[in-house]
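Inspection log for the structure reproduced underneath, given as structure tokens.
The values are calculated or read from the model by the stated rules, or taken from the named source; none is laboratory data. Since this is a predicted model, take the numbers as computed values, not measurements. Heads up, the Cβs are rebuilt from the backbone with ideal geometry, glycines too, and the neighbour counts pull from every protein chain shown.
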Amino acid sequence: MGFEFVTKLPTPAQIRGQYPISEKVRQLKIQRDQEIQDVFTGRSERFLAIIGPCSADNEDAVCDYVSRLRRVQDKIADKVLIIPRVYTNKPRTTGEGYKGMVHQPDPEKKPDMLTGILAIRKMHMRVIEESGFTCADEMLYPENYRYLSDILSYVAVGARSVEDQQHRLTVSGMEVPAGMKNPTSGDISVMLNSVVAAQAGHDFIYRGWEVKTTGNPLAHTILRGAVNKHGDSIPNYHYEDLQLLLEKYGQRDLKNPATIVDVNHSNSNKQYEQQVRITKEILHSRKVNKDIQELVKGVMIESYIVGGNQKIGGDHIYGKSITDPCLGWEESEELLYTIAEEC
């Protein structure tokens with residue numbers, strides 16, 4: 001019963017002081033942030049591909065994967081802007097299972113939060129330095145955001161977090177785009193309410209401080225499918241779903257109306273190979289409706305070096321997901337080229 005206070009963790013300022021980014025990385029982030037912002041504000045017509053492993057569980061494999069993305073990006077830069085998924089926090093529906101590198105730097109060892117915080121910062125820094133990409137991560141714990149806030153160029157708020165007040169208010173203080181997923185119920189109004197809250201300024205308590213935010217005009221929606229009362233997946237990426245979201249946006253006074261479509265999770269019923277087909281359908285919907293084209297700014301794809309997933313331990317396969325199944329590299333590379341051709 002009760003809490004055991006294990007370790008007093010350093011503040012984000014202390015960690016950032018211990019592991020500072022270089023001036024080169026700082027300038028690169030400024031440039032990348034502007035490029036991504038231009039997509040959401042409509043100044044750029046490039047399509048976003050937010051792509052990478054379900055969970056970033058191994059630094060070497062993640063950096064290997066992102067280096068492959070870099071080679072593809074150089075070939076499609078005029079049409080597609082890649083944002084690698086380097087997800088270091090994993091929500092667990094029942095609280096069981098691997099919760100991400102921030103909890104367990106080594107998935108086969110016990111949790112160690114201090115080592116985990118250092119590990120995720122070092123990994124994100126290595127990715128930037130080796131590939132030139134600033135990345136996306138999921139904000140599972142709002143109080144941890146500032147450990148990486150000088151590095152990330154995109155933040156996602158998950159389906160189980162989107163109704164939480166602290167997540168919404170923390171996004172209101174961010175200076176980068178933040179995607180608010182629809183809840184597992186699929187309720188569009190909940191998702192849009194979260195965007196309304198995130199785009200407004202607030203006064204609240206954060207990390208022991210009274211803080212004031214000005215609002216984040218780059219907060220937007222992410223469609224990830226839903227689950228009904230019987231536990232069945234209900235997709236929300238079809239043309240009619242995009243049209244409905246467009247209408248609901250029209251009923252709100254929101255800045256930069258935009259959505260990203262998550263082509264895995266409940267949209268694919270976790271049939272990860274279907275991400276290819278679903279992405280192609282979304283691209284078609286954009287082609288036949290200019291308003292949908294302006295609304296849908298990109299897709300979110302779960303992808304790694306080896307397709308599928310595996311359990312932790314045993315004969316570990318390098319570059320294969322230990323959480324949700326992911327598209328393999330060959331299929332992912334081909335899909336990125338297809339996106340560039342169709343945009």
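Of the listed requirements (1) without any contact (Cβ under 8 Å) to a residue 24 or more places away in the chain; (2) surrounded by 15 or more Cβ atoms within 10 Å (Cβ to Cβ); (3) outside any helix (DSSP H, G or I), residue 229 misses just one: (2).
If you check residue 275 against the conditions, is it among the polar types (S, T, N, Q), in a loop (DSSP other than H, G, I, E, B) and under 16 Å from residue 331 (Cα atoms)?
Working: among the polar types (S, T, N, Q): yes; in a loop (DSSP other than H, G, I, E, B): no; under 16 Å from residue 331 (Cα atoms): yes.
For residue 275, the condition - among the polar types (S, T, N, Q), in a loop (DSSP other than H, G, I, E, B) and under 16 Å from residue 331 (Cα atoms) - is not met.
Selection of segment 120-138 for residues being in a loop (DSSP other than H, G, I, E, B) and surrounded by fewer than 21 Cβ atoms within 10 Å (Cβ to Cβ) yields only 132.
From the list 86, 80, 72, the lone residue that is more than 22 Å from residue 5 (Cα to Cα) and in contact with a Leu (Cβ under 6 Å, 6 or more places away or on another chain) is 72.
In segment 278-312, the qualifying residues are those that are assigned to a loop (DSSP other than H, G, I, E, B) and among the aliphatic types (A, V, I, L, M), and the one that is nearest to residue 221 (Cα to Cα) is 305. When you look at residue 15, is it buried (at least 18 other Cβ atoms within 10 Å of the Cβ), closer than 14 Å to residue 122 by Cβ and among the aliphatic types (A, V, I, L, M), yes or no? Here the answer is yes, as residue 15 does meet what is asked. Listed here are the strands (runs of 3 or more DSSP E) enclosed by segment 140-220 that have at least 2 residues being over 24 Å from residue 51 (Cα atoms) and in contact with a Gly (Cβ under 8 Å, 6 or more places away or on another chain): 209-212. Considering segment 51-95, the residues that are out of contact with any helix residue (DSSP H, G or I) (no Cβ under 8 Å at 6 or more places or on another chain), under 20 Å from residue 316 (Cβ atoms) and in a loop (DSSP other than H, G, I, E, B) include one that is modelled with the lowest pLDDT, namely 90. Residues in segment 71-83 include none that are exposed (fewer than 15 other Cβ atoms within 10 Å of the Cβ), among the hydrophobic types (A, V, I, L, M, F, W, C), at negative phi and in contact with a Ser or Thr (Cβ under 9 Å, 6 or more places away or on another chain).
When you look at residue 160, is it under 16 Å from the mean Cα position of the chain (by Cα) and under 23 Å from residue 272 (Cα atoms), yes or no? In short, yes.
Can you tell me how many residues within segment 20-35 are surrounded by 15 or more Cβ atoms within 10 Å (Cβ to Cβ) and either modelled with pLDDT under 95 or within 15 Å of residue 149 (Cβ to Cβ) (or both)? So the count comes out to 5.
In the list 93, 41, which residue meets the criterion of being farther than 16 Å from residue 138 by Cβ, of a type in the set (Val, Ile, Thr) and either out of contact with any Lys or Arg (no Cβ under 7 Å at 6 or more places or on another chain) or surrounded by 18 or more Cβ atoms within 10 Å (Cβ to Cβ) (or both)?
Residue meeting the stated conditions: 41.
Residues that are without any contact (Cβ under 8 Å) to a residue 12 or more places away in the chain and not in a loop (DSSP other than H, G, I, E, B) within segment 19-50 comprise 23, 24, 27, 30, 31, 34, 38, listed in sequence order. Considering only residues in segment 250-262 that are without any contact (Cβ under 8 Å) to a residue 60 or more places away in the chain and surrounded by fewer than 20 Cβ atoms within 10 Å (Cβ to Cβ), the one that is nearest to the chain's Cα centre (by Cα) turns out to be 255.
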